[in-house]
Amino acid sequence: MKKRVVVSALAMLLILASAVALWSQSSRFSTADNPDWALKQRIADCRSIKAVWNEYCQAIRNNDPESFLSLHEETAYKMPPNQPMFQIKDIAPTIAIAWNKSRQDNQIDMRINCQNIEVEGDYAWSMGTYQQIITPKNGDSRSVFDGKFLTVLHRQPNGRWKIQYDAFNSNKPPSI
């Protein structure tokens, strides 16, 4: 009788271990076993990244440097044309002063056309075109900058995407 109880307990333990193993395998390979889930996740990621670009443009239009900075990781790098790259944290203390000064004399509009997003795990890259329009408040001719960008984004632990590396350049000198 005692032997039968031990065998039964071992059998139950084996069944439980098998169930846990099967469950962990199914959750680890959910994207392969469930392509609908993978597609839905990709669509959700692309929408979230496009929302980052919309917020980016809104921050520039609304002269909101705090929102602009919040779209970047603290250690994010900007790689602008014709100047050295820099970390966003290095400009954070002075960005509000610079933005306010430039907006005293100008209205600034920003448009981003995100043309491609590729997601691989917690990293994504986005590429497309942009247009920045600077309209002097004194009535002078506006300047239009158009160019392209390639940006790496990183998914944060809370699921939000933030800019990690941002390279951009103009297609031509500004039109005046």
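The values are calculated or read from the model by the stated rules, or taken from the named source; none is laboratory data. Here the structure is a predicted model, which means the values were calculated and not measured. So basically every Cβ, Gly included, is an ideal-geometry build from the backbone, and we count neighbours across all protein chains shown. Only protein heavy atoms, including side chains, enter the accessible area calculation; ligands, DNA and RNA are left aside. Shrake-Rupley method; radii C 1.70, N 1.55, O 1.52, S 1.80 Å.
Only residues that are open to solvent by 60 Å² or more (accessible area, probe 1.4 Å) and within 10 Å of the chain's Cα centre (by Cα) were counted across segment 123-158, and they come to 2.
To keep it simple, each residue is scored yes or no on (1) within 29 Å of residue 159 (Cα to Cα); (2) touching a Lys or Arg at 6+ places or on another chain (Cβ under 9 Å).
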site	(1), (2)
52	yes, yes
83	no, no
101	no, no
127	yes, yes
136	no, yes
142	no, no
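Scanning segment 85-110 for residues that are outside any strand (DSSP E or B) and open to solvent by less than 60 Å² (accessible area, probe 1.4 Å) yields 88, 91, 92, 95, 96, 98, 99, 102, 103. Does residue 161 satisfy the condition of being surrounded by 14 or more Cβ atoms within 10 Å (Cβ to Cβ), in contact (Cβ under 8 Å) with a residue 60 or more places away in the chain and in contact with a Leu (Cβ under 7 Å, 6 or more places away or on another chain)? Criteria met by residue 161. If the condition is being free of Cβ contacts under 8 Å to residues at least 40 places away in the same chain, of a type in the set (A, V, I, L, M, F, W, C) and not in a helix (DSSP H, G or I), then segment 53-84 contributes no residue at all.
Determine whether residue 120 is touching a residue at least 12 places away in the same chain (Cβ under 8 Å) and within 25 Å of residue 48 (Cα to Cα). So residue 120 does not fit the description; no.
Restricted to segment 164-176, and to residues there that are modelled with pLDDT of 95 or more and not hydrophobic (A, V, I, L, M, F, W, C), the residue that is most open to solvent (accessible area, probe 1.4 Å) is 165. The set of residues from segment 99-141 being more than 19 Å from residue 160 (Cα to Cα) and of a type in the set (A, V, I, L, M, F, W, C) comprises 99, 108, 110, 112, 133, 134.
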